[in-house]
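Have a look at the structure below, then the notes.
Computed from the coordinates by the stated procedures, all read-outs in this text should not be read as laboratory data. All figures in this text were calculated on a predicted structure; none of them were measured in a lab. Heads up, the Cβs are rebuilt from the backbone with ideal geometry, glycines too, and the neighbour counts pull from every protein chain shown.
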Amino acid sequence: MTFSIVARSADGESWGVAVASKFLAVGSIVHAAIAGIGAIATQAEGNVAYKREVFPHLEDGATAQEALNRLLTTDERRDHRQVRVVDADGGSATHTGSECFDWAGGLAEPNVAIQGNILTGPEVVQTMKTTWDATVGDPDLERRLLAALDAGDRAGGDRRGRQSAALLVVRDGAGYGGGDDIVVDLRVDDHEDPCRELG
C-alpha cells in the first residue's frame, strides 16, 4: 500500500526518506533517520518498533544488511513486512516478505534503497530509481527524494490511489537553532494529491 525511498546524500552528510501511500498519515508510521547513523523505512505490515531498534545496531558498527538481518531474525511477522535501511557509509539493504501484496518488491544499491507494495507494477520502483540517478548533480537530498517520489507517483504508485505522503531529511546540526539534526520533516496526512501537496 506504500512506496518509498531511503537514501544518503552524495556528500555523505545527509540521510532521508520519502514515502507515499493510500493510507492515512503514512508519515506517522514508516520512517526514521538519525544523522551520522542512518535511515529506515518499514511498511506493508510495518513494524514501528524497527524505528528505534535499528539505530543501536548501526551505532555498534553493523552494516545496513547486518542490522536488517538482526531485525528480521526475531520477527515472526517478517514475511508480511517490507523494510529498507541505509547506513552511515551509504550501505543499503532491502527486504520484501513473501506475504506482501502484489506488486511488491524493491532494490538496494549504494546510498539508496527503494521499495513498494500494492503498486501498479515494478515500473514504479524503476522510475523512482531512474529519477534518483538523473538528479545526482542536485546537492539537496530533500529535492532528490521528492523528485523520485513524485516520479513513482506519476508512474502509477499505489494501485489503490493516493492519500498521504511524507519527507524526512537529517544532517548534523541542521535543525532549528542547531539544536537537532532535522533539515526537513514534512507530512501531508490526507489529501487527494499528496505528493504534489508535499512539494
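Build a GNM of the chain with springs between Cα atoms under 10 Å: which of S21, S98, S164 gets the top mean-square fluctuation? Top of the fluctuation ranking is S98. Ordering R144, R196 from the fewest to the most neighbouring beta carbons within 10 Å gives R196, R144. Quick check on the chain: take the gyration tensor over C-alpha atoms, sort the square-rooted eigenvalues as a ≥ b ≥ c, and tell me if it's rounded (a/c under 1.5), prolate or oblate. Because its axes are fairly even, with a/c under 1.5, the chain counts as rounded. Using the alpha carbons alone, the radius of gyration of the stretch 117-157 stands to its Kirkwood radius in an Rg to Rh ratio of 1.00.
Cβ crowding within 10 Å ranks T135, T2, T130, T94 as T130, T135, T94, T2, fewest other Cβ atoms first. Could you check which residue among N117, N69, N47 shows the biggest mean-square fluctuation in a GNM of the chain with a 10 Å Cα cutoff? Per the Cα network of the chain with a 10 Å cutoff, N69 tops the list. Taking trypsin sites (Lys or Arg not before Pro) across the stretch 52-114, the ones in a DSSP loop with at most 15 further Cβ atoms lying within 10 angstrom of their Cβ are R77. Among H95, H31, H57, the largest mean-square fluctuation in a Gaussian network model of the chain (Cα springs under 10 Å) belongs to H57.
About its Cα centre, the dipole of the chain is roughly 420 debye, where the only charges are +1 on Lys and Arg Cβ and -1 on Asp and Glu Cβ.
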